[in-house]
1. Which residue pairs have Cβ atoms closer than 6 Å, lie 6 or more positions apart in sequence or on different chains, and pair a first residue in segment A:39-52 that is closer than 19 Å to A:ASN21 by Cβ and at the interface with another protein chain (Cβ under 9 Å from one of its Cβ atoms) with a second residue that is assigned to a helix (DSSP H, G or I) and polar (S, T, N, Q)?
2. If we keep just the residues of segment B:12-45 that are more than 35 Å from the chain's Cα centre (by Cα) and part of a loop (DSSP other than H, G, I, E, B), which is farthest from the other protein chains (Cβ to nearest Cβ)?
3. Please determine, by comparing only the residues of segment A:28-38 that are within 23 Å of B:ASP8 (Cβ to Cβ) and surrounded by fewer than 18 Cβ atoms within 10 Å (Cβ to Cβ), which one is farthest from the other protein chains (Cβ to nearest Cβ).
4. Going through segment B:329-351 one residue at a time, which ones are in contact with a helix residue (DSSP H, G or I) (Cβ under 8 Å, 6 or more places away or on another chain), among the polar types (S, T, N, Q) and touching a residue at least 40 places away in the same chain (Cβ under 8 Å)?
5. Of everything in segment B:347-406, what is part of a loop (DSSP other than H, G, I, E, B), modelled with pLDDT of 85 or more and among the hydrophobic types (A, V, I, L, M, F, W, C)? Give them in sequence order.
6. What tally of residues in segment B:182-197 results from selecting those that are crowded, with 16+ Cβ neighbours inside 10 Å and modelled with pLDDT of 85 or more?
7. Which one of these is under 20 Å from the mean Cα position of the chain (by Cα), surrounded by 15 or more Cβ atoms within 10 Å (Cβ to Cβ), more than 11 Å from chain B (Cβ to nearest Cβ) and more than 15 Å from B:ASP15 (Cβ to Cβ): A:ARG8, A:ARG17?
8. Of the residues B:LEU63, B:LEU24, B:LEU50, B:LEU41, which is touching a strand residue (DSSP E or B) at 6+ places or on another chain (Cβ under 8 Å), modelled with pLDDT under 90 and under 18 Å from B:ASP97 (Cβ atoms)?
Amino acid sequence: MDEGEFARLQKAVHDARRPLNRITMQSELIKLALEGAVPKDKALTALDKIIAGSKDCSDSLSDLVAQFSPNSNDAGSPTE
Amino acid sequence: MLTVLLVDDDAEFTDVACTIIEFLGHEVLTASTLAEAREWLSKESFDHILLDFMLPDGSGLHLMESLQPEQNTRVTLITGHPSVKGIIKDMCGPNIDYLVKPIQREDLESVLQGKKQPASKRSTSAITRHFGQLIGESAPMQELYKLIGRVSKTKANVMLLGESGVGKEVVAAAIHEASDCEGTYVATNCGAFSKELIGSELFGHEKGAFTGAVGRKEGVFEQAENGTLFLDEITEMPIDMQPNLLRVLENKVVIRVGGTKAMPVNCRVVSATNRSMEEIAESKVLREDIYFRLAVFPITIPPLRERKEDIPLLAEYFINQLNEENGSQFRWQSVQLEKLQAYDWPGNVRELRHFVHRAAIMSDPEGSDIELPKTIESPFAKKQTLSTGLKAGRTIEEVEKELIYATLEKVDGNKTTAAEMLGISTKTLYNRLHAYGDLNSDSE
């Protein structure tokens, strides 16, 4: 893997970690809701956001696989 | 209550982090770019800034230039790249900390020390105490938990072997805790009593049994009925008292000193010694028949140097305990935990606990920084080095490496002084360290 590829991998992992961070924080919010510290409806919204975040993360990982696939035509091009 | 500025361009993260920070009892304002953050700083003063490392208009580090030194604002850099951690760590002064995403509530709690009392309580309880007593998640400790779990389901007597300070009494209490027995846990130290008194301590005495026996006294065997009796330093028990103990272990009856009535006793005996099995056999400090009665299930507790990954957890636990006791807000910096982890702790967990206590006493009670003594040294350290330093069967390269690291530790990592002490050039020392693959963290 050359430096360019490694930089692209780093960026892709960074992008995938972003929804993971949201998921962690939304989970913390649900814990607070269960403890009664914040309204219960916030927990429902948080659960929806977790589902959305999981899909985002899955999409990022699929993009990552596509970028590094040996058959990919744009393997050397920037991601954005 | 602290006034916090959260600088991050991820709106969803910012939104939920604000809810949590407000729940923690702080006031929080947000900025999604460096420019917005600078604007806030020109209008407000903040106690703490949570700062994303990568922002749309530049690195979060540029914001540091806009901080007024006299305001003493604490900064926590947030990064999604664990690799950036190393770079930030080097910059971390007393007022700069870092968090690596994904972030949890406890991470926010620990960096924002405003609501300290509940935060420290929560973090103490967040550390798992196995069987209500033991701390550590390393492989040797998992093995120990397995043994405790197995033996606790039986009535077998247990002998605990391990160096001084490994926590034999804590393991004994854990066995009692896991046993679900009705009786109580009673601990006594066989090395603490004179020959005359140990009989009375173990088996009790009747009124008038000897001068000073003004009343009847229950012995520890009776006190631990249906529970667990912990006999510490069993090998220090006078040899001529051991037949009396053997009789109790064999017949499960006890006769108080000065009494005639045999009373049935029913308890698990957990004994402990810091001597190795070989030493027990060679030195004849314990009768063979007693050994086999007591050591139906021997358990060796690992020394701390064999479970170094547990050191940060233990240090965290001890400092949280001290924070709760004294109302202080100390917290470790990762460099400090690394330093603790690098040391061998010949006095084991006890030495670590005392060291943490000493460091807490030395530190400013109003602040959160812990002041570590310059060197971690104990009389046991020298003993340890001497006893393990030279053994047949090791290669010259191994001994050389150990000597180099021991010297570096002694001189607090100063390579020039270490090279002088070792009688080699600094260049040679660097070459050796490079060969050991240890230059990245140390000097590069």
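The values are calculated or read from the model by the stated rules, or taken from the named source; none is laboratory data. Quick caveat, the model's predicted, so the values are computed rather than measured. So basically every Cβ, Gly included, is an ideal-geometry build from the backbone, and we count neighbours across all protein chains shown.
1. Close Cβ pairs (under 6 Å, with a partner that is assigned to a helix (DSSP H, G or I) and polar (S, T, N, Q)) amount to A:ALA46/A:GLN26; A:LYS49/A:GLN26.
2. B:SER45
3. A:LYS31
4. B:GLN329, B:SER334, B:ASN348
5. Answer for segment B:347-406, where residues must be part of a loop (DSSP other than H, G, I, E, B), modelled with pLDDT of 85 or more and among the hydrophobic types (A, V, I, L, M, F, W, C): B:ILE370, B:LEU372.
6. Qualifying residue count, segment B:182-197: 7.
7. Checking each option against the conditions leaves just A:ARG8.
8. B:LEU63
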